[in-house]
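Shown next, in structure tokens, is the structure this report addresses.
The values are calculated or read from the model by the stated rules, or taken from the named source; none is laboratory data. Not measured: the values here are computed from a predicted model. A quick note on method: Cβ atoms are made from the backbone with ideal geometry, for glycine too, and the neighbour counts reach across all protein chains shown. Note: accessible area is taken over every heavy atom of the protein model, side chains too, but ligands, DNA and RNA are not part of it. Shrake-Rupley method; radii C 1.70, N 1.55, O 1.52, S 1.80 Å.
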Amino acid sequence: MKFLTTNFVQCAVKSCHSSLTSFPLQYEECQLVQQEQDYNPEFIVHMLERLDWNAIVQVAKDLGNESLPANKPEDLDPIMEDSQAVLRDLHTLLVETQIVEGKMVCKNCGHIYYIKNSIPNFLLPPHLAN
Amino acid sequence: MKDYLIYFAQAYPNFRTAELESLANLHNFSLDLSGHDEKNPFLIVQLEDDEQAQKILERSILARGIYELWGHGTNYEELHQDVQKRSCDKFDTYKHDTFKFNFESFMGSKSNKARIEIIESFGYLEFEGAINLKKPQQIYTVLEEYKVNGMEKANVPLNIWFGRQIQLSARMNNILDKYDLKRRNYIGTTSFDAELSLVTCNIAQVRSGKITYDPFTGTGSFLVTAANFGALPMGSDIDVRMLKGKSAKCNIRETFKQYGTLGQYIDVLTMDFTNNAFRSNFVIDNIVCDPPYGVREGLRVCGAKNPEKAAGRENHEIDGQKAHLRRDFIPPKKPYELSNLLDDLLSFAASRLPVDGRLAFWMPTANDDFQVNQIPQHENLELLYNLEQEFNKWSRRLLVYIKRDESYKGETRNGLKEENIKNFRERYFRGFSEKSR
């Protein structure tokens with residue numbers, strides 16, 4: 001699971017959807033690997049506009065990275081040189097950082113989801129489904 | 001406006017107009033295809049310029065090529081007269097370009113000798129550029145339509161067109177070979193054939209830089225074809241085994257690698273579509289899928305088959321930890337009805353797609369009792385296309401919806417539910433009644 005994807009998912013339990021604390025999930029005991037991938041600056045630019053930056057900062061903190069700026073980098077242009085360094089860093093963080101194993105905990109209901117072999121699992125037990 | 005001739009492939013003729021209309025719309029222009037006849041692979045359309053022609057054809061799967069029309073005749077004499085009359089102003093424009101001639105014949109053919117004679121009969125064009133067979137600046141094409149009567153082979157064409165080639169389709173550039181399931185390293189019993197999944201992506205207007213979601217990913221058939229058109233694909237499936245693949249070299253990620261689109265791939269999640277984990281304000285631009293109808297894969301969602309028996313299990317503990325919170329817990333699944341799943345799919349699309357975003361999915365129907373009202377509807381989605389692929393006793397339909405803004409007032413209904421059509425799988429295995437086609 002890419003770091004990027006943590007920004008798109010929340011607790012799958014329906015009663016948590018209206019709760020402000022069900023996103024982002026809290027990441028615990030995560031095992032990370034850097035998986036090299038071709039640098040695609042357009043991809044990062046497309047993604048950036050969809051990101052909830054506060055959640056990015058929060059999850060990065062869960063994973064031990066406290067160096068992110070508090071505000072979303074803006075007006076990045078792959079052609080501009082000063083944008084390049086930022087885009088590269090974002091690529092490394094969002095695309096190349098893989099969570100191979102770990103727990104995702106809902107801060108509202110406390111349910112635990114697991115990431116196994118890089119695939120997050122959001123299946124719910126019967127009492128939480130529907 | 002100028003006349004252009006489109007030459008279609010002999011495949012899924014009833015999907016042609018949907019594909020080209022969608023591609024034109026994707027590039028913000030409208031295309032009048034009302035003259036199209038499914039039996040005829042030739043169609044004359046009117047377009048602003050070559051650029052429009054190129055745009056609608058380059059991604060097309062069901063067309064072969066598009067040509068600037070220089071003339072038409074029912075025999076060569078007529079053709080030459082027409083070319084000289086209507087296109088003489090064009091001769092000078094391309095006078096010095098390198099060129100070659102091509103032939104396209106439908107239901108017939110000509111010998112090489114006859115072709116050379118025909119090429120020579122165009123001498124009045126007075127082109128001065130060199131002939132270049134490898135990389136000509138212009139390709140002129142003679143398109144012939146023959147009519148076959150019974151077993152006899154026709155040797156005189158019924159219609160002949162002459163034109164300057166503008167664009168060959170993705171099909172002619174071998175996209176079907178490239179995505180052929182036989183050549184794909186990871187496939188399964190539910191893999192969707194390349195041709196129709198590419199067509200689905202075209203009609204769904206999958207495009208560069210936009211997120212395409214397949215909620216029933218399986219082996220990733222729609223995700224890889226969406227990535228071919230530049231989309232950023234995400235998928236989910238209730239069955240983790242499909243997402244994991246067979247080995248480190250045989251899985252969805254490797255398939256993207258195989259096609260050189262790994263740079264666009266986002267992720268696949270193990271998820272029950274009906275208990276969806278995507279945050280509610282996450283915009284998904286297109287949804288394409290083939291929901292599980294229970295023919296090859298049973299339709300299941302998370303939950304207990306027998307709720308009474310399962311009551312209280314949430315308190316069950318193993319080694320002092322709630323069983324359902326353990327890493328090795330496998331959530332039970334229960335059967336689910338197709339009609340409910342389609343309701344869920346439409347509501348999800350209505351809430352997540354941006355205005356003008358498209359949902360495209362396949363739905364099986366039995367030919368003996370299909371009625372249009374069985375197609376589910378949602379008040380915020382307009383049904384654009386209902387395209388049938390016929391098999392012996394059943395069909396599947398590609399249903400394509402577009403999300404409309406608040407001013408649109410549609411109707412929410414589900415004919416499968418109203419008529420209590422429960423289980424496609426049951427009908428499939430029981431065999432459709434004799435009345436079926």
**Message:** For A:56, B:166, give me the order by solvent-accessible area with a 1.4 Å probe, most accessible first, ignoring ligands, DNA and RNA.
**Reply:** B:166, A:56
**Request:** Find me the longest stretch of chain B that has none of the exposed GluC sites (Glu not before Pro), where exposed means in a DSSP loop (not H, G, I, E or B) with at most 15 other Cβ atoms within 10 Å.
**Result:** B:129-378
**Request:** Take chain B, connect every pair of alpha-carbon atoms lying under 10 Å apart with a spring to form a Gaussian network, then pick out the residue of B:55, B:134, B:403 with the largest mean-square fluctuation.
**Result:** B:134
**Prompt:** Given a 1.4 Å probe, how much area per residue of chain A is accessible, in Å²?
**Reply:** 46
**Under 28 Å from the Cα of residue B:113 - lysines, other chains or at least 8 residues apart** = B:85, B:90, B:95, B:100, B:134, B:135, B:147, B:153
**Request:** State the answer as a single residue: which of B:338, B:372, A:99 lies farthest towards the positive end of the charge dipole of the protein assembly as shown, with beta carbon charges of +1 for Lys and Arg and -1 for Asp and Glu, about the Cα centre.
**Result:** B:338
**Item:** Heavy-atom SASA rank of B:172, B:242, B:1, A:80 (probe 1.4 Å, accessible area, largest first)
**Value:** B:1, A:80, B:172, B:242
**Item:** Pairwise centroid distance, computed over Cα atoms, of segment A:88-114 with segment B:312-329, Å
**Value:** 23
**Message:** Under the rule that an exposed site lies in a DSSP loop and has at most 13 other Cβ atoms within 10 Å, name the longest stretch of chain A with no GluC sites (Glu not before Pro) of that kind, not counting the sites themselves.
**Reply:** A:75-130
**Asked** Rounded to the nearest 0.05, what FRET efficiency do residue A:85 and residue B:152 have when you use their Cβ-Cβ distance and R0 = 51 Å?
**Response** 0.10
**Fill in**
SASA check, residue A:38, accessible area w/ 1.4 Å probe, all protein chains in place, rounded to nearest 10 Å², comes out at 120
**Message:** In whole percent, and with a 1.4 Å probe on the protein chains, what portion of the accessible area of chain B is carbon and sulfur?
**Reply:** 46
**Asked** Counting only residues 5 or more places away or on other chains, whose amide H sits under 5 Å from the amide H of residue B:138 once H atoms are built in the peptide plane?
**Response** B:98, B:99, B:100
**Prompt:** Can you give the FRET efficiency for residue B:391 and residue B:247, using 1/(1 + (r/R0)^6), R0 = 30 Å, r = Cβ-Cβ distance, to the nearest 0.05?
**Reply:** 0.35
**Message:** Would you calculate the convex hull of the Cα atoms in the protein assembly as shown and tell me its volume per residue in Å³?
**Reply:** 192
**Prompt:** Could you name the lysines in cross-link range of residue B:334, using Cα to Cα under 16 Å and dropping any fewer than eight places away on the same chain?
**Reply:** B:305, B:309, B:422
**Request:** Can you pull the one-decimal nm distance between simple spin-label points at residue B:189 and residue B:326, each 7 Å off the Cα toward Cβ?
**Result:** 3.0
**Request:** Please give the per residue volume of the convex hull enclosing the alpha carbon atoms of segment A:3-122, rounded to a whole number of Å³.
**Result:** 104
**Request:** At a probe radius of 1.4 Å, figure out the A/B buried accessible area, summed over both chains, and give it in Å² to the nearest 100.
**Result:** 3600
**Item:** FRET E, pair residue A:116, residue B:382, Förster distance 30 Å, beta-carbon r, rounded to 0.05
**Value:** 0.15
**Prompt:** Whole-Å semi-axes of segment B:2-173's equivalent ellipsoid, largest first, each the root of 5 times a Cα gyration tensor eigenvalue?
**Reply:** 25, 21, 14
**Asked** In straight Cα distance, which lysines are under 22 Å from residue A:72, not counting same-chain residues fewer than 8 positions off?
**Response** A:2, A:61, B:210
**Request:** Distance from a point 7 Å along Cα→Cβ of residue B:49 to each backbone N in segment B:60-96: keep the residues under 20 Å and list them by number.
**Result:** B:66-70, B:89-95
**Fill in**
Per its Cα gyration tensor (rounded if a/c is under 1.5, else prolate when a/b beats b/c, else oblate), segment B:182-278 is best filed as rounded
**Request:** Please work out the Cα center distance from segment B:17-79 to segment B:236-250, rounded to the nearest Å.
**Result:** 41
**Fill in**
The answer for segment B:1-61, accessible area per residue at 1.4 Å probe in Å², is 43
**Prompt:** For chain A, modelled as a GNM with alpha-carbon contacts under 10 angstrom, which of A:112, A:99, A:79 fluctuates the most?
**Reply:** A:79
**Accessible area of segment B:341-424 divided out per residue, in Å², using a probe of 1.4 angstrom** = 43
**Message:** How big is chain B along each principal axis, measuring the range of its Cα positions in Å and listing the largest first?
**Reply:** 91, 49, 47
**Request:** Tell me, rounded to the nearest percent, the portion of alpha carbon pairs in segment B:77-158 spaced more than 14 Å apart.
**Result:** 68
**Message:** Using Cα-Cα distances under 8 Å and only pairs 6 or more residues apart, what relative contact order does chain B have, in percent?
**Reply:** 11
**Asked** Extension gain residue B:119-residue B:85, at 0.36 nm per residue separation less the Cα-Cα distance, in nm?
**Response** 10.4 nm
**Prompt:** Hey, if you drop one equal point scatterer on each alpha-carbon of segment B:88-225 and run the Debye formula without solvent, what base-10 log of I(q)/I(0) do you get at q = 0.11, 0.13, 0.18 Å⁻¹?
**Reply:** -0.67, -0.81, -1.01
**Prompt:** Using a 1.4 angstrom probe on protein heavy atoms only, which residues from segment B:240-258 are buried by at least 50 Å² of accessible area when all chains are present rather than their own chain alone?
**Reply:** B:253
**Prompt:** Once a ≥ b ≥ c are taken as the square roots of the eigenvalues of the Cα gyration tensor of segment B:195-235, is the result rounded (a/c under 1.5), prolate (a/b larger than b/c) or oblate (a/b not larger than b/c)?
**Reply:** oblate
**Prompt:** Ordering B:394, A:53 from largest to smallest accessible area (1.4 angstrom probe), what's the sequence?
**Reply:** B:394, A:53
